[in-house]
Number of protein chains: 2
Amino acid sequence: MELRKISEHIGKWFSGSGPMSDIVISSRIRLARNIAGYEFVSNCSQESQAIILEKLKEVLMGLDLSQKVSYICVDKAGQLDKDFLVERHLISRLHAQSKALRGVVIAADEMFTAMINEEDHLRIQVLMPGLQLFQCWEQLNRIDDIIEQHIEYAFDSRLGYLTACPTNIGTGIRVSVMLHLPALKITGHLEKFFNAARDMNLAVRGLFGEGTEAVGDFFQISNQTTLGVKEEDIVKKFSDVIIPEIVGYEKLAREQLFEKKKNMINDKIYRAMGILSNAQMISSSEAMFLLSHLRLGVNLKKIDNLSIDKINELFLLTQPAHLQLNSGGPLSQDDRDELRAKIIRNCLNQN
Amino acid sequence: MELRKISEHIGKWFSGSGPMSDIVISSRIRLARNIAGYEFVSNCSQESQAIILEKLKEVLMGLDLSQKVSYICVDKAGQLDKDFLVERHLISRLHAQSKALRGVVIAADEMFTAMINEEDHLRIQVLMPGLQLFQCWEQLNRIDDIIEQHIEYAFDSRLGYLTACPTNIGTGIRVSVMLHLPALKITGHLEKFFNAARDMNLAVRGLFGEGTEAVGDFFQISNQTTLGVKEEDIVKKFSDVIIPEIVGYEKLAREQLFEKKKNMINDKIYRAMGILSNAQMISSSEAMFLLSHLRLGVNLKKIDNLSIDKINELFLLTQPAHLQLNSGGPLSQDDRDELRAKIIRNCLNQN
């Protein structure tokens, strides 16, 4: 897989399509699995790691996904390539930083990935644009079943699937939905929403998952309970209750803003447009912040001639590793800030 | 004088013309005078104040200035009108706030004004665009001589002209030059410049004189010594040494910025343009700050189709009292911020 080739586009899951796509960026489900008879990655010898890697790679590369599937050897990848894979949500930050022999299998449309020797021997995920958790689950479950025909998973009849971290034990499932919540942020209701989420045992994180701050009003909400609950029940609860409820709050906040603070919200949207189409240097976090307001502007039909997928593309293509990979190599921060501003300007002034 | 009529335009002294007008906004000289035989304003009875007012008004209104001259009774003026006169530099903040019977005589081109019963019985000033101190002095001296043919000034053969505040005693002259110093501000050299000015016994103030903060990188520099120095010497020192030196520093700072921080300076200029032509609400101080960068952009030939006098006009017309007077009456802060943004947007998007 030639990273430079894919770095000029966005993954299909980030295309801004799918149900509720004005607020729901993407749906993601991953399963954590380990091979029976081997220690978890952190306790595992290099030899065992190599065996696990080979076994899983063989099975995964043999999957019939009706599209090209590539393997990237993460332990041999350069820092820029690893950062790129993290920015693109193809591997986790942990997978990029770990010392194990490890790799990732990626489907051409980037909607399916499988990390080998991350925290667990195997982490498979399906990512889709908009709210499509049932579809994610259906596809992921099917792939999981196929893998299980070739690999004996570490499984306990009482506990379920065994995982390196107890928070994943049982089903090993993590359901995550990435949401764009600018109106809840602007109206100051986010704190309430976070507290409610915590009460429901949900985790709220920023755009790039665990340990990252929420930038640009994007929030990833995911389950924390994996034991004693059926996978379908978690998916159903997310899809039918939790996400529609949050989406409802964000919509209400947008309506309220529009009714009571029309000028304030218009000001934020048009300023974002003004700065982004004129700045000559811009940091990653300022770009995210302003692109978020621009995205809201498109959703509220305040900005014409600009599509959500164009904005999503800008979000991704202006991330540090994407910028550098697309420009051919490492860049200083000043050079990145300049290039980022130029890419955004060119895109917005085209429209 | 109908304030609403003049409120839609800028005074001639603010027209952005005159020598060194890329950096020197305006030159101003004022003289402080008192009538012999009367107490200074602060100790003066209302009856005496009325007599002084009548005497001076008569002389001043009779001056042949080859243009229409108007009188405004400041003690009976409404708050908005007084704020308007201060914003326009036609009266001082002190004159607006004082309790004395008082008024101001204003020439139609606003380059000559005479405040009656401010701190002193009479304060006459001539304001001109760019660096024109000799011209200001010539005109002011001529007017002062004519007044003295009708009025006996309080004068002491040893001390010179007597004034309410000892800092004005002697010549009663204050020479002030308003400068636009964005590059010295950006490069962080302003502090050095302020210290040097203080060492030379000069005062540095913001756009609206005494007690006001410098907003939008505009600084007013003036003499503090009035005793034991000839008026012509002060004017000559300002015109030939002090101001050209500061202008030289600002020019150097602009060149350095342009050489070493081209992107940073371009970024500031284009961002200012982007925000000002898109914002839907903007505070007075943010507008000043950004218009200052825009002014620098026009001076550096980065911005086409926009003249310095248009920018100066925006500076003045978006001040709170100007906004309100032009819109027909008092406005809330939100309404002012909206109207200000609209006026700026309309002006910039015309170009």
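Summary of computed values
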{"quantity": "Rg/Rg_ref, the protein assembly as shown, where Rg_ref = 2.2 N^0.38 Å and atoms are Cα", "calculated": "1.32"}
{"quantity": "For chain A, size of Cβ-based charge dipole, Lys and Arg +1, Asp and Glu -1, in debye", "calculated": "980 debye"}
{"quantity": "Cα pair distances in chain A, grouped into 20 Å bins until the bin that holds the longest one, percent each", "calculated": "30, 56, 14, 0"}
{"quantity": "Size of charge dipole - region A:262-349 - debye, nearest 20, with Cβ of Lys, Arg +1 and Asp, Glu -1, no other charges", "calculated": "400 debye"}
{"quantity": "Overall form of region A:204-297 per C-alpha gyration tensor (a/c, 1.5; a/b vs b/c)", "calculated": "oblate"}
{"quantity": "Amide H within-cut-off set for A:F155, under 5 Å, with H built and near neighbours excluded", "calculated": "A:L162"}
{"quantity": "Hydrodynamic radius by Kirkwood, which averages 1/r over all alpha carbon pairs of region A:149-189, in angstrom", "calculated": "13.3 Å"}
{"quantity": "Most positive-pole-ward Cα, A:A164, A:A50, A:L179, against dipole of region A:3-253 from beta carbon charges", "calculated": "A:L179"}
{"quantity": "Residue-averaged [θ]222 nm for chain A, counting only DSSP H segments that reach four residues, each worth -39500 (n - 2.57)", "calculated": "-14000 deg cm²/dmol"}
{"quantity": "Relative contact order [Cα under 8 Å, 6+ residues apart], chain B, whole percent", "calculated": "21 percent"}
{"quantity": "Inter-copy spacing of B:K68 label points, which lie 7 Å from Cα along Cα→Cβ, given in nm from shortest upward", "calculated": "7.9"}
{"quantity": "Fluctuation leader among A:N299, A:N223, A:N168 - chain A, Gaussian network, Cα springs under 10 angstrom", "calculated": "A:N299"}
{"quantity": "Proxy reagent accessibility, fewest Cβ within 10 Å first, across A:V24, B:V59", "calculated": "B:V59, A:V24"}
{"quantity": "Estimated vicinal HN-Hα couplings, Hz - region B:92-107 in sequence order (Karplus 6.51, -1.76, 1.60; Gly, Pro = x)", "calculated": "8, 4, 4, 5, 5, 8, 4, 9, 5, 6, 7, x, 9, 9, 10, 6"}
{"quantity": "Fewest-first ranking of B:I265, A:I146, B:I303, using other Cβ atoms within 10 Å as the exposure measure", "calculated": "A:I146, B:I303, B:I265"}
{"quantity": "Net charge of Cβ neighbours under 12 Å - reference B:E245; Lys, Arg +1; Asp, Glu -1", "calculated": "0"}
{"quantity": "Projected label distance in nm at A:F258 and B:N326, using a 7 Å step from Cα toward the beta-carbon", "calculated": "3.3 nm"}
{"quantity": "More than 29 angstrom apart: percent of Cα pairs within region B:143-300", "calculated": "34 percent"}
{"quantity": "Most positive-pole-ward Cα, A:Q135, A:N195, A:I124, against dipole of chain A from beta carbon charges", "calculated": "A:N195"}
{"quantity": "B from A by rotation - nearest chain A beta carbon to the axis, in Å", "calculated": "A:G274, 2"}
{"quantity": "Label point distance in nm, B:E54-B:Q149, each placed 7 Å from Cα along Cα→Cβ", "calculated": "2.4 nm"}
{"quantity": "Net charge, A:I106 excluded, C-beta distance under 10 Å - Lys, Arg +1, Asp, Glu -1", "calculated": "0"}
{"quantity": "q = 0.16, 0.17, 0.29 Å⁻¹, region A:24-82: log10 I(q)/I(0) [Debye, one scatterer per Cα]", "calculated": "-0.76, -0.85, -1.20"}
{"quantity": "Shape metrics for region B:262-349, restricted to C-alpha atoms - Rg then Dmax, Å", "calculated": "12.9, 44"}
{"quantity": "Integer Hz, Karplus 6.51/-1.76/1.60 couplings in order for region B:287-294, x for Gly and Pro", "calculated": "4, 4, 4, 6, 4, 4, 5, 5"}
{"quantity": "Charge-dipole axis of region A:262-349 as Lys and Arg at +1 and Asp and Glu at -1 on Cβ define it, positive-most pick from A:S284, A:V298, A:Q319", "calculated": "A:V298"}
{"quantity": "Cα-only Debye scattering, region B:125-168: base-10 log of I(q)/I(0) at q = 0.30 Å⁻¹", "calculated": "-1.01"}
{"quantity": "Three-way shape call for region B:86-213 based on the alpha-carbon gyration tensor, with the a/c threshold at 1.5", "calculated": "prolate"}
{"quantity": "Table column - 3J(HN,Hα) (Hz), region A:113-130, Karplus curve with 6.51, -1.76, 1.60, x for Gly and Pro", "calculated": "9, 9, 8, 9, 6, 7, 5, 9, 4, 9, 10, 9, 9, 10, 10, 9, x, x"}
{"quantity": "Members of A:K310/B:K268; A:K342/B:K268; B:K12/B:K268 lying beyond 21 Å, as alpha-carbon distances in this model show", "calculated": "A:K310/B:K268; B:K12/B:K268"}
{"quantity": "For region B:69-120, size of Cβ-based charge dipole, Lys and Arg +1, Asp and Glu -1, in debye", "calculated": "180 debye"}
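Only the coordinates and a few stated rules stand behind these numbers; no lab work does. Computed from a predicted model, the values in this text were never measured in an experiment. Backbone-built Cβ (ideal geometry, glycine too); neighbour counts: all protein chains shown.
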